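These notes concern the structure reproduced below.
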Amino acid sequence: MKGVASRTTKTLIPGTVLACADNSGAQEFRIIHLIGKGGGGRHGKQAAAGIADIVSASVRRGSAAYLKKPVRVVIIRQRAVLRRSNGMRVRFEDNAGIMINDENLPVGTEVKGAIAREVVERFVKIAGIASRII
C-alpha cells in the first residue's frame, strides 16, 4: 500500500460514526478498531485514523445482511482539515467511508459524493467508481 503525500490530521477514534458513501447496502458505520495502527504509539493515547486509512467498523444502520457485523472500511472524507503539500487545505462536511473486501476492492459499484485525492493515490480501484475527486 502506497503512502499518502499530504499530512492528514488523524481525528477519527474508535466509536466515531461514519456515513456510508457507497451503494453496498449499509447506511452508517461505527469504528471498532484501526487496522495496522497498533495501540496508538504512545502510552495513554488513543489510536486515531484519517483519510485513506482502513478501519474495522460495524454497520449500525442498513441492510440486514451487514447489520451488526464487522466490515472493513476506507475513510474517504473527514471533517478535520487536511493539509496538502502545496499549501492547500481541504475540509469536507461529513465523515464518510466505503466498504471494502479483504483484497481492498470496493464492495459497492458507485460512490456518492466527493472523495479526497489521497484515497485515489492509495486505492486505485476506488477511483474507478468515484463521481468526484477533490
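Structural remarks
- In this structure, the amide hydrogen of Thr9, modeled 1.01 Å from its nitrogen in the peptide plane, lies closer than 5 angstrom to those of Arg83, counting only residues at least 5 positions away or on a different chain.
- Computed with the Debye formula from one identical point scatterer per Cα of the chain, without solvent, the log10 of I(q)/I(0) at q = 0.10, 0.12, 0.13, 0.19 Å⁻¹ comes to -0.29, -0.41, -0.49, -1.07.
- When Ser56, Ser24, Ser131 are arranged by Cβ crowding within 10 Å, least crowded first, meaning fewest neighbours, the order is Ser131, Ser56, Ser24.
- Top of Arg89, Arg60, Arg72 by mean-square fluctuation, Gaussian network on the chain, Cα under 10 Å: Arg89
- Modelled this way, with points 7 Å down the Cα-to-C-beta line, the labels at Ser131 and Asn104 are 2.6 nm from one another.
- A Förster radius of 25 Å, combined with the Cβ-Cβ distance separating Arg91 from Arg60, puts the computed FRET efficiency at roughly 0.55.
- Residues with amide H under 5 Å from that of Ala26, placed H, sequence gap 5 or more: Ser63
Read-outs throughout are calculated quantities, based only on the coordinates presented, and are distinct from any laboratory measurement. Because the structure is a prediction, the values reported are computed rather than measured. Reconstructed Cβ throughout: ideal geometry from the backbone, glycine too, with neighbour counts over all protein chains shown.
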